[in-house]
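Report on the following structure.
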Amino acid sequence: MKVFECQDCGQLLFFENTRCEHCGRLLGYLSDLAELSALAASGDNTWYALAVPATCSASAPTPTTMLATGWCRRIAATPSAAPAG
């Protein structure tokens, strides 16, 4: 069984997880990368995957910087488990 790591806090994740048990971030599976990714909302109903895309540099910035600079992979659909408000 493949295990994953939360890109925000480093918590061990399993494929069945929909939220990180430690930091509470929503999770999504990126099938093209075979990666479970922590998600971050941008505030305009757009979500970003914090997983490092295979084509990007290995020297990734922190998740906060990634979101602020648009470095992350954009997720078009809003996760169904997103909190209201």
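The values are calculated or read from the model by the stated rules, or taken from the named source; none is laboratory data. Computed from a prediction, not measured in an experiment: that's the story for all the values here. Reconstructed Cβ throughout: ideal geometry from the backbone, glycine too, with neighbour counts over all protein chains shown.
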Q) Can you list the strands (runs of 3 or more DSSP E) found entirely within the chain that contain at least 3 residues being modelled with pLDDT of 90 or more? A) 12-14, 27-30, 35-41
Q. Tell me, which residue of the range 26-40 that is of a type outside the set (S, T, N, Q) and under 12 Å from residue 5 (Cβ atoms) is surrounded by the fewest Cβ atoms within 10 Å (Cβ to Cβ)?
A. 35
Q.
So the check is Cβ under 8 Å with 6+ separation or different chains; which pairs have a first residue in the range 24-51 that's free of Cβ contacts under 8 Å to residues at least 40 places away in the same chain and of a type in the set (Lys, Arg) and a second one that's surrounded by 15 or more Cβ atoms within 10 Å (Cβ to Cβ) and assigned to a strand (DSSP E or B)?
A. 25/19; 25/38; 25/39; 25/40
